[in-house]
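A.B. asks: Below you will find the structure I want to go over with you.
What follows draws every value from the coordinates through simple rules; no lab data is involved. Source: prediction; values computed, not measured. Because the Cβ atoms are built from the backbone with ideal geometry, glycine has one as well, and the counts that use them run over all protein chains shown.
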Amino acid sequence: MNLETKALFLSFGTVQVPHQIEGDQVSTAGPGAGGQSIFFRSGERMVRLSVVASSPLRLEERTEGCAILMGNREVASGQLVKPLLHCPEQAYITVSERCIYDCKFCAVPKLKGGVKSLQVVRMMVEKAKKTGLLRAISLTSGVEVSPQSEAERIAEIVRHLKCFDVPVGVSVSPYPGVNRLLKEAGVDEVKYNLETVDRDLFEVVCPGISFQAIMDALQEAVGIFGENRVFTNILVGLGESNKTLCRGIDELAEMGVLPVLRAVYPHPLRLGEVEMTRPSAERLLGLARYLKSALDRNDLRGDLALTGCYRCTGCDLAPGKDL
Ligand code: SF4
């Protein structure tokens, strides 16, 4: 799978999967929370695709491994990679599957899921560890009550996970003081999601949240966690221009933050609430190349990530690994 083919796959983001392949090869969660997905590795690259019956891409089994076809044409051959917890090699756990905020692209507030206790998270990580495949722990969380109480809950969980002796990454909604709390709990990497670098659009898609407060937390995090340890998700396809995106990428990279450029997933529970257009392969490629050059200019290295999406690479064209 070359870079262009991965960009093509990500522009669709979905694949049809025959029934006999489903089962433990299929992961839940990810950007299309609540659905199912597969991880397909071909050569050095890996892509995560949501399982959708109407997808223009189709997975087929081969004598050895499998292939992805578009119409009758085989576009790439490779193997499915079995996820550990959500993604390969990581225990990637959503602690609170609910949220008091109402970001217009996000399914979590609509799903109103449960909140995992420390014991449940610990048991999940223990099970993952027993496979011998665990390389990292990534915790993410909606906001059940407030950003502060959520971060305190996560910090407490992290203190109990350090015994597994793998790096821990955390993605939460920030508040003043979050970085010290997480650092002291033993967190190695943090991700505070800006979702869009278009400040006007942010007000519309993330009502009730402060753009500047996230920027402040990211800036402080670089000083506390160090270079190549601070990340932020930026969605592509909410109606933002490439010019605004590139300006935002530059600003973040100059701060020492690594943006994750994520193609928006138009979740069925959010259709019609806000513009969500899956970006074309060309747009994804152009932006990924711009991101790579911005990271290079600022001596940032995506391939050094210990946890999370830069380590996994399934959902994005990951600088330092894919290009
Ligand atoms: S890239 Fe991130 S969101 Fe996508 S599957 Fe991997 S860890 Fe999950």
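A.B. asks: For n ≥ 4 DSSP H runs only, could you compute -39500 (n - 2.57) per run for the chain, divide by its residues and tell me the 222 nm figure to the nearest 500?
C.D. replies: Details: 10 runs with 108 residues, N = 323.
Rounded to the nearest 500, it is -10000 deg cm²/dmol.
A.B. asks: Now for a separate question. Apply 1/(1 + (r/R0)^6) to the Cβ-Cβ distance of E282 and K127, taking R0 = 51 Å, and write down the FRET efficiency to the nearest 0.05.
C.D. replies: On the way: r = 42 Å, r/R0 = 0.82.
Working from the Cβ atoms, E equals 0.75.
A.B. asks: For the stretch 86-312, with the dipole built from +1 on Lys and Arg beta-carbon atoms and -1 on Asp and Glu ones, taken about the Cα centre, which of V204, T307, G286 lies farthest toward the positive end?
C.D. replies: T307
A.B. asks: Let me ask something additional. What order, most packed first, do the peptides 184-196, 61-73 have when packing is the mean number of other Cβ atoms within 10 Å of each residue?
C.D. replies: Working: 184-196: 22.7, 61-73: 12.5.
Highest mean packing first, the order is 184-196, 61-73.
A.B. asks: Something else about it: What FRET efficiency comes out for the pair Q119/I224, r = Cβ-Cβ distance, R0 = 35 Å, nearest 0.05? Working shown, then result.
C.D. replies: Numbers: r = 29 Å, r/R0 = 0.83.
In this case the efficiency is close to 0.75.
A.B. asks: Could I ask something else about it? Tell me which lysines have Cα within less than 28 Å of K6's Cα, excluding those fewer than 8 residues away on the same chain?
C.D. replies: Leaving aside lysines fewer than 8 places away in the same chain, those within reach of K6 are K82, K104, K191, K243, K292, K321.
A.B. asks: Roughly speaking, what is the centre-to-centre gap between the stretch 242-312 and the stretch 213-236 when only Cα atoms are used, to the nearest Å?
C.D. replies: 14 Å
A.B. asks: Per 0.36 nm of contour for each residue apart, how much would the distance between K112 and R159 grow if the chain were fully extended, relative to their Cα-Cα spacing?
C.D. replies: Details: separation 47, 0.36 × 47 = 16.92 nm, distance 2.66 nm.
The span from K112 to R159 would gain 14.3 nm if fully extended.
A.B. asks: Let's test the formula: R0 of 41 Å, r as the Cβ-Cβ distance of A67 and E184. What FRET efficiency results, to the nearest 0.05?
C.D. replies: Values: r = 48 Å, r/R0 = 1.18.
Taking R0 as 41 Å, the efficiency between A67 and E184 is 0.25.
A.B. asks: Then there's this: Straight-line reach from K129: which aspartates and glutamates fall under 12 Å, measuring Cα to Cα and dropping same-chain residues less than 8 apart?
C.D. replies: E89, D165
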